[in-house]
Amino acid sequence: MKTVAWKFEKEIPVIFDVDVAVLGGGPGGLGAAVMSAKAGAKTLLIERYSMLGGMASVGEVSPFMPNHYKDGSSFDRPVYTRWVQQMNSYLPEEIRSKIPAGDNAENGLTRTIGKEIAALAAEDLCIEAGVKLLYHHKLCGASVKKGKIDFIVLDSKSGFVAVRAKNFVDCSGDADLAAVSGCEFELGDAEGHCQPMTLCFKLSHVRRELMPNWEAFQKLYKDGQQSGALSCPRENVLYFAHHDEDVIHFNTTRVQGKSAVDGIELSDAEVEARKQLREYIIWLRASVPGFEQAQLHSMGAHIGVRETRRVKGLAYLTREDFVKRSKFPDAISRCNYPIDIHCPTPGKSGTELVHMESSEYYEIPYGCVVAKDISNLTIGGRPISVDHAIHSSMRVMPPACTVGQAAGLAAALSSQRNCSPAKLDGCEVRKKLVEMGAYL
């Protein structure tokens with residue numbers, strides 16, 4: 001590739017100097033910012049889009065995947081469950097009356113996401129906790145001195161600006177801050193292939209009473225693939241009901257062989273996903289009962305990303321820990337969502353699903369959220385120190401939020417004690433999480 005020389009050296013304004021700066025306002029960033037602020041730290045949450053929620057809002061992903069104990073109660077407390085409660089407060093009484101009290105995973109309505117109310121509810125939680133919100137600012141770089149981030153550089157309508165903080169939490173989903181700061185990371189499986197991306201969308205004006213059952217729907221889908229009407233390589237069509245009776249949510253496009261941390265490939269993935277979406281609409285209207293008058297209700301503004309970088313931390317979990325149901329004295333999260341690997345290899349299909357009983361779970365130790373190479377950086381959300389298999393289990397939004405709240409709390413405690421997150425006692429962090437409502 002040809003290159004050009006471009007040098008940039010100028011004075012830029014420091015617009016914030018805080019205790020804790022959280023990069024990324026998705027589920028992980030929400031957990032991190034709220035918990036940091038509630039622990040008493042002056043907290044800034046930086047988001048490149050105009051709203052919080054990440055994949056739940058901008059990506060239009062739905063529903064929340066279940067990460068619940070045998071009695072149906074969520075492992076992901078307190079921020080995630082509070083987020084869901086606040087989302088439901090925006091629903092009309094007719095719909096709220098159908099949602100049971102609590103967060104039981106068996107009732108899909110407790111996990112259904114409306115992207116607009118996900119954004120509003122996340123903002124509510126941050127404002128309530130005292131988090132300062134900074135929208136429309138995107139990370140450009142970081143100044144690192146002696147293994148510590150001095151400041152980060154953001155780009156906005158105002159041009160380049162800087163943010164200083166005692167501690168930073170990378171909740172970008174792709175470990176963007178960790179990468180530009182020089183942290184070691186892994187990417188994808190053993191061959192470097194990441195799980196495929198998916199553009200989510202919803203169709204309205206669907207007559208559910210006419211829809212075929214699951215098995216018949218899959219038979220029609222296979223026929224559509226064989227006829228050439230559908231180019232999507234996914235092995236089945238995945239759809240969910242929504243709050244509105246005539247709306248069906250599809251989580252079913254599949255783009256393989258593209259990297260979400262390569263700008264050109266990410267752009268190409270958006271184009272490919274929307275090509276598949278167009279095919280789905282035409283095929284559904286023509287071939288699937290109940291969809292004859294279906295209209296495009298909404299689609300993600302950003303393609304759904306399952307996997308990119310995973311930052312090396314002070315601890316590291318592998319598939320064996322899932323198999324052994326590993327437990328740790330300094331655990332900051334519990335998870336029993338299955339290993340869920342959508343085939344990363346281009347040209348192949350299939351999804352590896354490895355379940356565990358609802359009475360079982362594994363734990364994520366504190367060291368998995370502490371970056372080993374930067375002394376004032378913790379990692380929240382999905383890109384923590386785990387292997388490809390464990391990542392496929394803990395990457396879904398509820399545990400990502402819980403991992404984030406631990407990373408945020410650690411950053412706050414470190415700021416208050418003038419020490420690095422690595423110097424904190426993980427067992428003490430766990431104890432403080434429990435005091436603040438975590439299920440550990």
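All of the numbers you see were taken from the coordinates with simple rules; none came from a lab. The model shown is predicted, which means the values in this text are computed figures rather than measured ones. Cβ placement follows ideal geometry from the backbone for every residue including glycine, while neighbour counts extend to all protein chains displayed.
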Exposure proxy ranking, count of Cβ atoms within 10 Å, fewest first, for L409, L154, L230, L440: L440, L230, L154, L409
Stretchable slack from E93 to D71, in nm (0.36 nm times residue separation minus alpha-carbon distance): 5.3 nm
Structure-based [θ]222 nm, the chain - -39500 (n - 2.57) summed over DSSP H runs of at least 4, per residue, nearest 500: -9000 deg cm²/dmol
(i) 29.8; (ii) 23.1; (iii) 21.4, with the label sought being that of the calculated mean projected area of the Cα convex hull in nm²: (iii)
C-alpha long axis of helix 263-287 to longest principal axis of the chain, angle in °: 20 degrees
Footprinting exposure proxy for D268, D76 (fewest neighbouring C-beta atoms within 10 Å first): D268, D76
Assigned charges on the beta-carbon of Lys, Arg, Asp, Glu; region 201-299 dipole about Cα centre (debye): 160 debye
Estimated FRET transfer efficiency (Y439, I282; beta-carbon r; R0 56 Å; 0.05): 0.80
Near-label residues of region 54-91 by backbone N, under 18 Å of a point 7 Å along Cα→Cβ of R274: 58-61
Sorted by Cβ density within 10 Å, fewest first, the residues C200, C427, C126: C427, C126, C200
Selection from H302, S358, Q276, by position along the positive dipole direction of region 266-370 (Cβ): H302
Among A406, G188, L154 the positive-end extreme of the charge dipole of the chain (Cβ point charges): L154
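Over 29 Å between C-alpha atoms is what I'm after, so list which of K157/K275; K219/K348; K222/K275; K258/K423; K132/K431; K115/K432 land there.
Beyond 29 Å between Cα atoms: K157/K275; K258/K423; K115/K432.
Let's see if you can work this out: charge +1 on each Lys and Arg Cβ, -1 on each Asp and Glu Cβ, no other charges. What is the dipole magnitude of the chain about its Cα centre, in debye to the nearest 20?
Dipole about the Cα centre, nearest 20: 800 debye.
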FRET efficiency, K327 to E352 (Cβ-Cβ, R0 22 Å, nearest 0.05): 0.35
Vicinal HN-Hα couplings computed from phi for region 82-96 (Karplus, 6.51 cos²θ - 1.76 cosθ + 1.60; Hz; Gly/Pro x): 5, 4, 4, 4, 5, 4, 5, 5, 8, 7, x, 4, 4, 7, 4
